[in-house]
Each structure stands twice: as C-alpha cells, then as structure tokens.
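Any read-out appearing in this document is the output of simple, stated calculations on the displayed coordinates, not a laboratory observation. As the structure is a prediction and not an experimental result, all values here were calculated from the model. Note that we place each Cβ from the backbone using ideal geometry, even for glycine, and neighbour counts take in every protein chain shown.
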C-alpha cells in the first residue's frame, strides 16, 4: 500500500469544512499530509434529508428517503475528494466481526462487500482508493491507522465495547499489515475515537454497569448509574497494543449536542446517522 513511514504524526482531531456545502467534519490534516489517509467524523448538517432525519443522514435503515440517503453519501464523498473511490458499508450488528479488504481486485472487493452485508462492525482496508463508512447515533466510532496507510473503521455500541470489538479490529489490521509487509507494531498506530454518547448521559441499569466493571474495572464507571464508553474503548485499544498517548478523543457527547450530531437517545429513537469514514489516496 505504498512506502511505510517511520512514524505517524501525533493524532489530533480538528474541525474543518469541506466542499461546496461546507460540510463540517472532524479530521486529522497532519495524518493526511503525511500518509495520504483521510479520516473524517461527519456531523448532521449539509445534506438533503428532511426532518426527523435532518440533514446529512447516511443511514439507509432508519426510514429516510433512500434517494436522499444516496445523495447524502455522494455529497460526503465528493466533499472529501473521494467521489470516485469504492465504498464499502457493513450491516452493523453490534458484534465483533471484522471484514478485510486487502486485495485491489474487483472480485475481492465484491466478496468483502457481501461479507459486510451479512453483518460486521469493523472494516479493515489495506488498498488505496477504497473507503469504509460506518454509521452512528450515540454508539462509538473508532478509526485506527497504521504507518503503511492501512486502516480500520469500527462501530462500538455498549455490546461491542464489552465484546472487545476495538481490539478485534486492531488485531485484524495487524494481520493485514503483516501480509503486506507493513507495520505490525500497534503501538505505532494512530487511533481516533469520534463523537458518541458521553458518560454524563450514558445512564445504564445495574446489570450493564456490573458487566463493564467486570470487564474493564472501576475506571469506566461514573457516579452510581453511568458508564464511560470512551474510557472502556481506550482500555480495549490498549489491550490490543495501541499506546494511550496515540489515541485522539473527539470528546463530543452526541446527546448533549444533538443539534450537531444524531442521537438515538436524545431523539427518542427516530433519527438519522452520522458517519465515520476513511480512505487512502493513491
């Protein structure tokens, strides 16, 4: 996938506007300048969907007009300079299945697309000009990038967080890099945790709290009823070998900022989906 860099720049998320519609996304420009990988966490503005999906809804499973969803996806890709890339989107099922795209052939891409539609919550991409896009509305988006330019985009709801989907995703990214002679040391990877329901808003039942306490310890519990998914995902990434100082956190609560991001909890279960996307240029 191109020359492997000695090191990636320290991860950082900055807000930037892209394209004719001035789409606001969180991205890492230094990463893009260094290795050609564009990552982005989209917001809800700049699209064509009508209420209650206003406006840049990327999810096709929520009841929105399918034509509007397709136009929104096209708007996002064009804004990011990826109008001509191949796009893979999984049917997200709150599990730990990871689909890998590490062969540039059309047949391999088609097979990966079929696997993703069967149900997956992370997509590893180790070929250029192929984008992975996953959808969110309170769940945690995670992107991890290797110095060789391979990356993974993962979806972690609370079930996925407990099951260790982030670590599973990193492990498969390491395997893909190994097959291609890339960097197999995850301590050199950059990780990005995007907007999601914050600890202040993620109140759970005693059973869920107990499961997080058993899996990740007291560090991911807040107060008497809340769980910190951000902390749980950071711990899980660390278990896979990612250095904690190479994890960039958006620190945006989708519930508190449901005017800017979709929130299943804040909007009563009827809402659109924002996205986490990544691709590598040639």
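List of remarks:
- Computed over the chain, the alpha-carbon pair-distance distribution with 10 angstrom bins reads 7, 32, 38, 20, 3, 0, each value a whole percent.
- Two-site FRET efficiency, residue 282 against residue 251, from Cβ-Cβ distance with R₀ of 25 Å, rounded to 0.05: 0.15
- Calculated [222 nm] ellipticity per residue, helices only, for the chain: -8500 deg cm²/dmol; basis is -39500 (n - 2.57) per DSSP H run with n ≥ 4, divided by all residues, nearest 500.
- Residue-span extension gain [residue 93 to residue 70] - 0.36 nm each, minus C-alpha spacing: 6.2 nm
- When only Cα pairs below 8 angstrom with a gap of at least 6 residues are kept, the range 14-280 shows a relative contact order of 23 percent.
- Whether the range 175-282 is rounded, prolate or oblate, judged on the alpha carbon gyration tensor where a/c under 1.5 counts as rounded: oblate
- On the basis of the beta-carbon distance and an R0 of 41 Å, residue 179 and residue 12 show a calculated FRET efficiency of 0.90.
- Sites residue 50 and residue 244 - FRET efficiency at Förster radius 35 Å, r taken between beta-carbons, to 0.05: 0.25
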